[in-house]
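No value in this document is a laboratory result; all are computed from the given coordinates. Because the structure is a prediction, the values reported are computed rather than measured. Positions of Cβ are backbone-derived with ideal geometry, glycine not excepted, and every protein chain shown enters the neighbour counts.
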Amino acid sequence: MKQFHIFLAFFKIGLLGYGGGPSSIPLVHKEAVDHYKWLNDDDFGDILALGNTLPGPISTKMAGYIGYRVGGWLGMINALLATTIPTILLMIVLLTSLASFKSLDWVEGMTKAVLAVVGVMLAQLTWEFFMNAKKGLGWTKAILLGAASVVFLDVLGVHPGILVGVLLAIALLKKDKQEEKQ
């Protein structure tokens, strides 16, 4: 039954993840954390951060890791197939038919509406991550870290993987210093 749930969860993500990786992240969170409780919010955040440092689509990286964690090697293969099969099939069907309908008003409206929904889903997930950061760091540090991240990512153009790597290194160094004091 576990393998069926892995397939079902990631098939839904693959089917409904319109817009690529960023739109899939809230769906993965909903399935893995809220619905099946395979992960908690902290684990999900760690997987997301590490997944963003690696090349390739985030939804397949997260599916592979979560599938492996929940169901071993078979779970990993199961989750990867479940995530990619809907995309492959939908690409074939939709792209062959969309060319003839793309100029219709309802198709353009549908595309714009989906983008708004994805934006709201990402904003909600961002708020949840910020509230979790606040719990661990407090308001001041969470706000300062958030503001510094915006400056590094948007103003200075630093790659997210570099920023995550630097923050992980700082956390590891801080942990080592705390262990030395004890």
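Neighbour counts of other C-beta atoms within 10 Å: give me His29, His5, His159 arranged from fewest to most.
Details: His29 23, His5 17, His159 12.
Fewest to most other Cβ atoms nearby, the residues stand as His159, His5, His29.
Under the Karplus relation 6.51 cos²θ - 1.76 cosθ + 1.60, θ = phi - 60°, what is the ordered set of whole-Hz ³J(HN,Hα) values for region 170-182, x standing for Gly and Pro?
Once θ is set to phi - 60°, the couplings for region 170-182 become 4, 4, 5, 5, 5, 5, 4, 5, 5, 5, 5, 5, 7 Hz.
Taking θ as phi - 60°, what are the ³J(HN,Hα) couplings along region 149-155 by the Karplus curve (6.51, -1.76, 1.60), each to the nearest whole Hz, with x for Gly and Pro?
5, 4, 4, 5, 6, 8, 7
Rank these for me by crowding, Thr53, Thr140, going from fewest to most other beta carbons within 10 Å. Walk me through the numbers on the way to the answer.
Working: Thr53 15, Thr140 9.
Lowest count first: Thr140, Thr53.
Grab the other residues whose beta carbon is less than 14 angstrom from that of Gly51, score K and R as +1, D and E as -1, and report the net. Kindly include the intermediate steps, with their values, before the conclusion.
Details: positive: Lys61, Arg69; negative: Asp43, Asp46.
Taking every other residue near Gly51 into account, the sum is 0.
Mind checking the full-extension length gain between Ser149 and Ala99? Use 0.36 nm per residue of separation minus the Cα-Cα distance, one decimal, nm.
On the way: separation 50, 0.36 × 50 = 18.00 nm, distance 3.99 nm.
Difference between extended and current length: 14.0 nm.
Angle, helix 2-16 long axis vs. longest principal axis of the chain, Cα atoms, 0 to 90°, nearest 10?
70 degrees
Taking the Cβ-Cβ separation of Val120 and Ile85 as r and a Förster radius of 30 Å, what is the calculated FRET efficiency to the nearest 0.05? The partial results should precede the final answer.
On the way: r = 27 Å, r/R0 = 0.91.
Efficiency for this residue pair is about 0.65.
Can you tell me which of Val118, Val107, Val33 moves the most in a GNM of the chain? Springs connect C-alpha atoms under 10 Å apart.
Result for the chain, Cα springs under 10 Å: Val107 fluctuates most.
Just to be sure I follow: if Rg is taken over the C-alpha atoms of region 2-99 and Rh is the Kirkwood radius over the same atoms, what is Rg/Rh? Please report the intermediate quantities before stating the final value.
Values: Rg = 13.0 Å, Rh = 13.3 Å.
Reported Rg/Rh (Cα atoms, Kirkwood Rh): 0.98.
Between Lys174 and Asn40, what FRET efficiency comes out of the Förster formula 1/(1 + (r/R0)^6) with R0 = 25 Å and r the beta carbon distance, rounded to 0.05? The partial results should precede the final answer.
Working: r = 22 Å, r/R0 = 0.90.
Efficiency computed from Cβ-Cβ geometry: 0.65.
Within straight cross-link reach of Lys175, meaning Cα distance under 29 Å, which lysines are found once same-chain residues fewer than 8 apart are removed?
Those lysines meeting the cut-off are Lys37, Lys61, Lys134, Lys135, Lys141.
Per-residue HN-Hα couplings for region 121-130, Karplus 6.51 cos²θ - 1.76 cosθ + 1.60 at θ = phi - 60°, whole Hz, x for Gly and Pro?
Each residue's phi maps through the Karplus curve to give 4, 5, 5, 5, 5, 4, 4, 4, 5, 5 Hz.
Within the set of other residues whose C-beta is less than 10 Å from the C-beta of Tyr36, count the net charge using Lys and Arg as +1 and Asp and Glu as -1. Show your work: numbers first, answer last.
Working: positive: Lys2, Lys30, Lys37; negative: Glu31, Asp34.
Around Tyr36, the surrounding residues sum to +1.
Which residues make up the longest stretch of the chain that has no trypsin sites (Lys or Arg not before Pro) in a DSSP loop with at most 11 other Cβ atoms within 10 Å?
Excluding the exposed sites themselves, the longest stretch runs over 103-182.
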